[in-house]
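The values are calculated or read from the model by the stated rules, or taken from the named source; none is laboratory data. Just so you know, these numbers come straight off a predicted model, no measurement behind them. Reconstructed Cβ throughout: ideal geometry from the backbone, glycine too, with neighbour counts over all protein chains shown. All accessible areas refer to the heavy atoms of the entire protein, side chains included, with ligands and DNA or RNA removed. Shrake-Rupley method; radii C 1.70, N 1.55, O 1.52, S 1.80 Å.
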Amino acid sequence: MNRFVTAERALRTAAPHELFDAVRRVLTEEYAARSVELYLADYGLTVLQPLSVPPHTAEPVPVHGSAAGRAFGAQEPFVEAFREGLVRAHLPVTVRGDRLGVLSLTLPDGDGASGVLGELADIAEVLGHEIVVAERDTDVYLQARRKDRLTLAAEMQWQLLPGRACSRPEYELGAQLEPAYAIYGDNFDWSATADHLMLYVTNGMGEGIEASLLTNLAINALRNARRAGIAIDDQAALADQAVYAHYQGRCYLSVLMFEFELATGRAKVVDAGSPQLLRLRAGVVEPVAFEAQLPLGMFEETDYVVQEFHVEPGDRLVFVSDGVHAVASPKGEAYGDAALNRAITSTRLLPAAEVPRAILRELTGHRGRTVPDDDALVVCLDWHGR
């Protein structure tokens with residue numbers, strides 16, 4: 001335990017850009033680690049990018065089919081034999097369900113390593129929290145996540161997001177955007193209190209910087225209203241006014257808004273030209289339809305009406321933008337409900353954080369090409385209840 005305290009203190013007192021140096025030094029001195037690497041998940045969730053510290057460098061490793069990727073996907077420490085007398089421990093670096101990457105280290109003696117695995121996992125968790133805080137003051141970790149250059153529009157969109165996953169005893173959330181390095185206007189946002197979860201799923205309009213600017217305006221208007229303690233229908237109305245005031249109806253935004261009551265599963269919903277919602281309950285996938293209202297910013301001073309919804313423990317809700325539901329195959333066939341139903345059913349055993357990426361992989365096969373023509377967004381909510 002003294003070693004853990006030493007590691008925690010070293011991380012909390014390190015400069016923002018020196019967190020990896022600090023954790024590597026402690027693991028080397030206190031745990032006799034022979035080598036230490038930190039891998040951060042790239043924006044597309046396809047590879048784990050090394051945080052290289054010259055002269056020490058490492059190659060990216062795939063999320064699928066690698067030992068580090070196994071720890072990342074399962075969110076459990078994974079130990080593998082390395083060389084005689086040595087093992088490699090891979091520890092997920094995660095913050096409240098948001099999977100940042102993997103801390104990998106080489107240790108002597110497999111039996112000895114298993115005895116400190118719990119401590120090492122705790123150190124990896126502390127490292128994750130410190131990285132999230134440090135990203136306010138340094139670009140080191142954001143740069144390390146990129147295997148390609150982000151477009152400016154994508155940079156703006158990723159900075160707008162709350163994370164890619166979140167978990168609490170009552171629910172688990174996961175989300176992913178494509179094309180990860182050139183996303184335009186699709187977006188998601190969430191915020192939780194002791195008693196409520198707010199979830200917004202946005203289907204953007206337009207392309208490039210203009211689409212990103214529109215989404216930034218709308219999301220920040222919604223956040224501004226939410227943080228003022230305003231009801232969900234009035235949040236939509238105020239965001240509608242903000243978008244219309246700037247664009248005068250030339251551009252508008254579709255958004256599906258939920259306010260879940262954590263104790264009961266009851267939800268208030270505003271459907272403003274929404275993305276699609278499908279529910280998996282007791283092994284059956286079915287679309288959930290609401291009374292569609294006008295998108296934000298289409299007309300001046302639109303009134304929005306709250307609708308009621310109820311979610312039960314064990315339910316899985318999957319939200320998709322039209323870049324998923326309507327995308328066409330090379331033969332012109334839309335992906336549609338049937339294919340989405342199959343994708344949701346085939347991924348039913350995966351955790352919520354894994355589902356969006358798995359569905360988007362299946363979508364790539366239907367599309368017949370790697371790069372989509374339109375943004376594609378998938379959000380998965382697993383409801384456990386209290």
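At least 3 residues being open to solvent by 20 Å² or more (accessible area, probe 1.4 Å) and within 17 Å of residue 106 (Cβ to Cβ) is the threshold, and among the helices (runs of 4 or more DSSP H) wholly inside the range 1-90 those reaching it are 19-31. Among the residues of this structure, residue 294 does not count as one that is touching a Lys or Arg at 6+ places or on another chain (Cβ under 7 Å), of a type in the set (A, V, I, L, M) and at pLDDT 95 or above.
Per the conditions (1) under 15 Å from the mean Cα position of the chain (by Cα); (2) touching a residue at least 40 places away in the same chain (Cβ under 8 Å), the sole criterion not satisfied by residue 191 is (2). Sub-6 Å Cβ pairs linking a first residue in the range 24-45 that is among the β-branched types (Val, Ile, Thr) to a second residue that is part of a helix (DSSP H, G or I) and open to solvent by less than 10 Å² (accessible area, probe 1.4 Å), at least 6 apart or interchain, are 26/7; 36/27, ordered by first then second residue.
Every condition in (1) out of contact with any Phe, Trp or Tyr (no Cβ under 6 Å at 6 or more places or on another chain); (2) exposed (fewer than 15 other Cβ atoms within 10 Å of the Cβ); (3) at pLDDT below 95; (4) not aliphatic (A, V, I, L, M) holds for residue 168 except the one numbered (3).
Just one of (1) in contact with a His (Cβ under 7 Å, 6 or more places away or on another chain); (2) modelled with pLDDT of 85 or more; (3) in a helix (DSSP H, G or I) fails for residue 339. It is (2).
In the range 278-293, the residues that are over 16 Å from residue 308 (Cβ atoms) and in a loop (DSSP other than H, G, I, E, B) form no Cβ pair under 7 Å with any partner that is open to solvent by less than 70 Å² (accessible area, probe 1.4 Å) and at pLDDT below 95, whether six or more places apart or across chains. The residue that is nearest to residue 385 (Cα to Cα), counting only those in the range 248-263 that are touching a residue at least 24 places away in the same chain (Cβ under 8 Å) and either open to solvent by 50 Å² or more (accessible area, probe 1.4 Å) or in a helix (DSSP H, G or I) (or both), is 263. Got at least one residue in the range 350-366 being surrounded by 15 or more Cβ atoms within 10 Å (Cβ to Cβ), over 23 Å from residue 181 (Cα atoms) and either touching a helix residue (DSSP H, G or I) at 6+ places or on another chain (Cβ under 7 Å) or at pLDDT 90 or above (or both)? Among the residues of the range 350-366, at least one is surrounded by 15 or more Cβ atoms within 10 Å (Cβ to Cβ), over 23 Å from residue 181 (Cα atoms) and either touching a helix residue (DSSP H, G or I) at 6+ places or on another chain (Cβ under 7 Å) or at pLDDT 90 or above (or both), which makes the answer yes.
In the range 183-201, which residue that is surrounded by fewer than 19 Cβ atoms within 10 Å (Cβ to Cβ) and of a type in the set (Gly, Ala, Ser) is nearest to residue 275 (Cα to Cα)? This residue is 191. Looking at the range 135-165, which of its residues are open to solvent by less than 30 Å² (accessible area, probe 1.4 Å) and within 26 Å of residue 198 (Cα to Cα)? Hits for the range 135-165 are 153, 154, 157, 158, 160, 161, 163, 165. Per this entry, residue 164 is not counted among residues that are of a type in the set (Lys, Arg) and over 15 Å from the mean Cα position of the chain (by Cα). In the range 246-260, the qualifying residues are those that are of a type outside the set (Ser, Thr, Tyr) and under 22 Å from the mean Cα position of the chain (by Cα), and the one that is farthest from residue 311 (Cα to Cα) is 253. Considered as a group, the residues in the range 1-23 that are in contact (Cβ under 8 Å) with a residue 24 or more places away in the chain and closer than 18 Å to residue 145 by Cα include one that is farthest from the chain's Cα centre (by Cα), and that residue is 21. Any residue at all in the range 96-109 that's out of contact with any strand residue (DSSP E or B) (no Cβ under 7 Å at 6 or more places or on another chain) and among the basic types (Lys, Arg)? Scanning the range 96-109, I find no residue that is out of contact with any strand residue (DSSP E or B) (no Cβ under 7 Å at 6 or more places or on another chain) and among the basic types (Lys, Arg), so the answer is no. Taken as a whole, the range 234-247 holds no residue that is surrounded by 12 or more Cβ atoms within 10 Å (Cβ to Cβ) and part of a loop (DSSP other than H, G, I, E, B). Out of everything in the range 299-313 that is modelled with pLDDT of 95 or more and open to solvent by less than 60 Å² (accessible area, probe 1.4 Å), what residue ends up being nearest to residue 205 (Cα to Cα)? Once the filter is applied, the top-ranked residue is 304.
Considering only residues that are surrounded by fewer than 18 Cβ atoms within 10 Å (Cβ to Cβ) and hydrophobic (A, V, I, L, M, F, W, C), which ones fall in the range 202-233? Hits for the range 202-233 are 209, 213, 228, 230, 231.
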